[in-house]
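First comes the structure, then the notes that go with it.
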Amino acid sequence: MIPEALVVDRGVSAGDSWLTVDPAKVHDALSALKDEGYSLLVFLTCVDHLLDSSRNWPARYELLYELRNLETREQVRVRAFVDGDPPHIDSVHDLFPPANWDERETYDMFGVVFENHPDLTRILMPDDWVGHPLRRDYPVGGEVVEFSEEHETWQTAPEKA
Amino acid sequence: MTTEIGQGITVDRTGETGAFGGELLTVNFGPHHPSTHGVLRLVVDLDGEQVKRIKPVIGYLHTGIEKQMEALRWQQGVVVTDRHDYLSPPINNLAYALAVERLMGVEVPPRAQALRVIMCELTRLSSHLVWMGTSGLELGAMSMLMYCFRDRDTIMDMNEEISGFRMHTSYIRPGGVFADATPRFLDMLDRFTAKTMTKNVDEYEALLTDNPIWRRRTIGIGRLSAEDAKVLGATGPMLRGSGVAWDLRKAMPYSGYENYDFEIATSDLCDCYGRYLVRIKEMRESVKILRQALDRLPDGPINVDDRKMLPPPREELETSMEAVIHHFKLFTEGYSVPPGDVYVAVESGRGENGCYISSDGTHKPRRVKFRSASFVNLQALERMALNHFIADMIAIIGTADTVLGDCDR
């Protein structure tokens, strides 16, 4: 069983049970849940709660870990709230290998830094991309369209260079 | 020398210096190589012709689908889900629709559920047909593509008949389905399941199952043990081809799959040939499900009776002021979904395709995340292809059946 000391809050959302843990202890919590039988990390992602007034959020970024017990078919969603720019949290790739790419994607899209990750680089966006597209303050349509006229001027080196 | 790649899985990296006395040769495989089924780039370290290390580089087909969903209203998002795994649009639609419905607390009528199952199974067939055609083409069975696309075209015709579109149908929507099945559609489906498809799957088996070239190219290639498959999070035919009987349609039934009688296709071979056998069996099972769905197709409405979620019928607009208000609100503002979050997983042709939605109570989603099978299954590639010849890697990428649109979203 996951030690109660690690759990900050728990509940059910639309039929899915979830529990919130202290972000500093996310590795311990997931390790305890894994020992309990939740052997599959279905996905790992982040939600940006910038200017979200629907509830009282403890922090801007909500990290989510959906775990599944393949024997009992139970699922649990682990939440951890982090703040900061960039936000930091421990990597869980050593517990669940599929987390490796999921963490890279979350880093790429939200700029969440996963400590102890073996290769925390961008995975979907180009390596030289500026910004983290899935943050709520990143505009849709703000990027220059490639091969357009604007792109042409943007790409050419300045005259005096 | 063995190196641990996590979770106690070790890979043999002996001969790092190369058996031919030279260094390892790094080759860029892709992104535009036809056998990568899209735009997948693999940085491969080769010792002679043996693969010693693979680093998949993805993102070439990233289209920002999750970001787009945040800018679209709930009912508009369906159109984007089609484009994500472009070989199985209705299955993605279903994951999204089920997630929205669970947040709203509505359940669609039985006829809509059965029509959803029909569309999903047709899509699974067409997805497996594309897989078999292209994999056959790559591994020396050139005519497979022609045969497979013949049946796929029939499925496309059925898509067109029921939804008006051949590929990106947007047929399954939150609250039900787009339109009722026409008599012509049911007729086509009847002919397709009763005669065409059963006969044709036999034909495909005659072409491939005992084909010596196909067997030599797939048996013993790309082994993935059951333990490794589970640890690496593989789902779908990749997992079942390793002997694990896990199918979301049975394990966590949705949309009424518990009412259909079918078997989980598995194979203990754990190699490319095993994954091929699983897909062949799944095609037969899909035809079985389609038959049952067609025979027991219930009558009744195809949408939930909720004016706050779906527009009123045309006739009502002429007589009811309230209907006009609902219509106006739906097409200007859209509906809002109660705050909360939900994850719904469905079984696509490739494995577990899920949809996670976080709602903040407004008329647009706060966050939509697609859990795609290709993205996770691709991580098992190095495990499967290590110490194989580079030509065998084609077979392994082929039978992993990644769709890069699904992978990169």
Review point. Quick one: which of A:V42, A:V47 is within 12 Å of the chain's Cα centre (by Cα) and at pLDDT 90 or above?
Key: A:V47
Practice item. Search the stretch B:91-102 for residues that are under 17 Å from B:A373 (Cα atoms) and pair each with any residue that is of a type in the set (K, R) when their beta-carbon atoms are under 6 Å apart and the residues are at least 6 apart or on different chains. Key: B:L94/B:R116
Point to revise | Residue check, B:R83 under 20 Å from B:D401 (Cβ atoms), open to solvent by 20 Å² or more (accessible area, probe 1.4 Å) and free of Cβ contacts under 8 Å to residues at least 60 places away in the same chain | key: no
Check your understanding: Would you say B:G398 is buried (at least 20 other Cβ atoms within 10 Å of the Cβ) and part of a helix (DSSP H, G or I)?
Key -> yes
Review point. Quick one: in the stretch B:277-327, which of the residues that are farther than 30 Å from B:K199 by Cα and of a type in the set (K, R) is least open to solvent (accessible area, probe 1.4 Å)?
Key: B:R307
Practice item. Could you please find all residues in the stretch B:246-270 being in contact (Cβ under 8 Å) with a residue 40 or more places away in the chain and either assigned to a helix (DSSP H, G or I) or open to solvent by 70 Å² or more (accessible area, probe 1.4 Å) (or both)? Key: B:L248, B:R249, B:Y257, B:L269
Practice item. Might you check whether a residue that is within 25 Å of the chain's Cα centre (by Cα), within 14 Å of chain A (Cβ to nearest Cβ) and surrounded by 15 or more Cβ atoms within 10 Å (Cβ to Cβ) occurs anywhere in the stretch B:334-342? Key: yes
Check your understanding: Do we have any residue at all in the stretch B:86-93 that's touching a His at 6+ places or on another chain (Cβ under 6 Å) and either assigned to a helix (DSSP H, G or I) or of a type in the set (A, V, I, L, M, F, W, C) (or both)?
Key -> yes
Revision key, fill the gap. Flagged in the stretch B:345-365 as open to solvent by 10 Å² or more (accessible area, probe 1.4 Å) and touching a residue at least 24 places away in the same chain (Cβ under 8 Å), in numbering order, are B:A345, B:G361, B:T362, B:H363, B:K364
Exercise for review: Could you please find all residues in the stretch B:367-387 being facing another protein chain (nearest Cβ under 9 Å) and open to solvent by 10 Å² or more (accessible area, probe 1.4 Å)?
Suggested key: B:Q379
Practice item. Select from the stretch B:179-207 the residues that are over 21 Å from B:N159 (Cβ atoms) and in contact with a Ser or Thr (Cβ under 9 Å, 6 or more places away or on another chain) and list them in ascending order. Key: B:L207
Practice item. Pick out, from the stretch B:287-386, the helices (runs of 4 or more DSSP H) lying fully within it that include 3 or more residues that are of a type in the set (A, V, I, L, M, F, W, C). Key: B:321-332, B:373-377, B:381-385
Exercise for review: Might you let me know whether the stretch A:5-12 holds any residue that is without any contact (Cβ under 8 Å) to a residue 24 or more places away in the chain, touching a strand residue (DSSP E or B) at 6+ places or on another chain (Cβ under 7 Å), under 28 Å from B:M104 (Cβ atoms) and open to solvent by less than 60 Å² (accessible area, probe 1.4 Å)?
Suggested key: yes
Review point. Looking only at residues in the stretch B:224-236 that are under 17 Å from B:D401 (Cβ atoms) and more than 10 Å from every other protein chain (Cβ to nearest Cβ), which one is surrounded by the fewest Cβ atoms within 10 Å (Cβ to Cβ)?
Key: B:A229
Practice item. Would you please name the residue that is least open to solvent (accessible area, probe 1.4 Å), looking only at residues in the stretch A:111-134 that are more than 10 Å from every other protein chain (Cβ to nearest Cβ) and either part of a helix (DSSP H, G or I) or charged (D, E, K, R) (or both)? Key: A:E115
Revision key, fill the gap. Checked the stretch A:3-56 for anything among the small types (G, A, S) and farther than 18 Å from A:I89 by Cα; matches are A:A5, A:G11, A:S13, A:A14, A:G15, A:S17, A:G37, A:S39, A:S53, A:S54
Review point. In the stretch A:60-83, is there at least one residue being in a loop (DSSP other than H, G, I, E, B), more than 11 Å from chain B (Cβ to nearest Cβ) and of a type in the set (D, E, K, R)?
Key: yes
Check your understanding: Any idea which residue in the stretch A:90-105 is farthest from the other protein chains (Cβ to nearest Cβ), counting only those that are outside any loop (DSSP other than H, G, I, E, B) and not aliphatic (A, V, I, L, M)?
Key -> A:D90
Point to revise | Residues of the stretch B:43-54 satisfying the condition of being without any contact (Cβ under 8 Å) to a residue 60 or more places away in the chain and not acidic (D, E) | key: B:V43, B:G48
Practice item. Give B:R217, B:R184, B:R191 a once-over and let me know the one that is crowded, with 20+ Cβ neighbours inside 10 Å and part of a helix (DSSP H, G or I). Key: B:R217
Check your understanding: Within the stretch B:160-177, is there a residue that is touching a residue at least 40 places away in the same chain (Cβ under 8 Å), within 18 Å of B:G256 (Cβ to Cβ), in contact with a strand residue (DSSP E or B) (Cβ under 7 Å, 6 or more places away or on another chain) and among the hydroxyl-bearing types (S, T, Y)?
Key -> yes
**Study point:** Exclusive hit being at pLDDT 90 or above, farther than 30 Å from B:I221 by Cβ, away from chain A (no Cβ under 14 Å) and crowded, with 22+ Cβ neighbours inside 10 Å, set B:L98, B:L103, B:L94
**Key:** B:L94
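The values are calculated or read from the model by the stated rules, or taken from the named source; none is laboratory data. In this text the structure is predicted, and so the values were computed from the model without any measurement. For neighbour counting, all protein chains shown are included, and Cβ atoms are generated from backbone atoms with ideal geometry for every residue, glycine included. Ligands, DNA and RNA are stripped out before the accessible areas are found, and what is left, the full protein with its side chains, is counted by its heavy atoms. Shrake-Rupley method; radii C 1.70, N 1.55, O 1.52, S 1.80 Å.
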